[in-house]
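Just so it is clear, none of the values below were taken in a lab; they were calculated from the coordinates. Source: prediction; values computed, not measured. Neighbour counts are summed over all protein chains in view; Cβ atoms, including those assigned to glycine, are modelled from backbone coordinates with ideal geometry.
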Amino acid sequence: MTSATLNSIEKREAIISACLEMNRSGINQGTSGNISVRDGDGMLITPTSLPYNEMTVDDIVWMGFDGARNGGRRPSSEWQFHLDIMMAKPEVGAIVHAHPTAATTLSIMEKSIPPLHYMIAICGGSDIRCAPYATFGTKELSESALKALDGRSACLLGHHGMIATGNSLSKAMWLAVEVETLAKQYLGCLPFGEPPLLSEEEIQNVISRMAGYGHGG
Ligand code: 13P
């Protein structure tokens, strides 16, 4: 089911269960992540600093692309990049931001993930870029993230964490796990030196094959 087919209450419930899943699976710790889902002329986003196991549907904040806001709680401190990504990329239906250990370790080292495994292609190209550091919650961070997301569905944020996007919340959650897996694989290789890489041509070949992969629909 895509986010466009869910009503607002279902979207709010889906956001809360994704938050809980994010911590259960270990891709996030505490309340350091945040999630948004496109909703009409705006988005639904997690409130700032509220433990996920205390979150109710009424705590999720609606923010319009025109700056309107609806809800009793303050939105995530990272609302700026969620909003800017949604506005810049109409194909994005949901955004997951988290601080997974392996991806964050690479981001601390200011390292992008190179084409070490063909699965890198699921992010849209031959690398997962690491955006230069900017302070959390700033327009500067949002601009840095948008550049790193050019032609990509995920990126690392220098000295911070990771962003994964998808046309639905389940796709964005799936991608977040895959990015963390690629980060773990890269970290596993590094003690042996920089790994041999796949060519740009092969990554493009994989992208074409992936378009016809699976059960369709
Ligand atoms: P929020 O609790 O405000 O969503 O912030 C957590 C975070 O990830 C900051 O980068």
TODO: State the antiparallel share, in %, of DSSP beta bridges confined to the chain, rounding to the nearest 5.
DONE: 95 percent
Task: Helix-only [θ]222 nm of the chain, DSSP H runs n ≥ 4, -39500 (n - 2.57) each, per residue, nearest 500 - done: -11500 deg cm²/dmol
- [ ] May I ask for the angle, rounded to the nearest 10°, between helix 200-211 and the longest principal axis of the chain, with both axes built from Cα atoms and the value confined to 0 to 90°?
- [x] 50 degrees
Task: Relative contact order of region 73-179, pairs being alpha-carbon contacts under 8 Å that are 6 or more residues apart, as % - done: 35 percent
Task: Karplus (6.51, -1.76, 1.60) ³J(HN,Hα), θ = phi - 60°, over region 28-37, in Hz, Gly and Pro reported as x - done: 9, 10, x, 10, 7, x, 7, 9, 10, 9
Task: Dipole of region 46-191 [Lys/Arg +1, Asp/Glu -1 at C-beta], most positive-end residue of Ser76, Gly124, Thr138 - done: Gly124
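Distance cut-off 24 Å, Cα to Cα: go down the list Lys11/Lys147; Lys89/Lys139; Lys11/Lys184; Lys111/Lys139 and report the pairs above it.
From Lys11/Lys147; Lys89/Lys139; Lys11/Lys184; Lys111/Lys139, over 24 Å: Lys11/Lys147; Lys11/Lys184.
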Task: region 1-71 - charge dipole about Cα centre, Lys and Arg +1 at Cβ, Asp and Glu -1, debye rounded to 20 - done: 160 debye
TODO: Along each of the three principal axes of the Cα atoms of the chain, give the extent in whole Å, ordering the values from largest to smallest.
DONE: 51, 37, 31
TODO: Any chance you could give the angle, 0 to 90 degrees and rounded to 10, that helix 79-88 forms with the longest Cα principal axis of the chain?
DONE: 70 degrees
TODO: For every other residue with a beta carbon closer than 15 angstrom to the beta carbon of Ile207, add +1 if it is Lys or Arg and -1 if Asp or Glu, then tell me the sum.
DONE: -3
- [ ] Compute the long axis of helix 169-189 from its Cα atoms, compare it with the longest principal axis of the Cα atoms of the chain, and write down the angle in degrees, 0 to 90, nearest 10.
- [x] 40 degrees
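Hey, with R₀ at 35 Å, roughly what FRET efficiency would Ile9 and Phe192 work out to, going by the Cβ-Cβ distance, to 0.05? Write down the numbers at each step before the final one.
Values: r = 50 Å, r/R0 = 1.43.
After rounding to 0.05, the efficiency reads 0.10.
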Open item on the list: Given Cβ point charges of +1 (Lys, Arg) and -1 (Asp, Glu) and nothing else, what value in debye, to the nearest 20, does the dipole of the chain about its Cα centre take?
Closed with: 180 debye
TODO: Scan around Ala131 for amide H atoms under 5 Å from its own, H built in the peptide plane at 1.01 Å from N, and keep only partners 5 or more places away or cross-chain.
DONE: Leu156, Leu157, Gly158
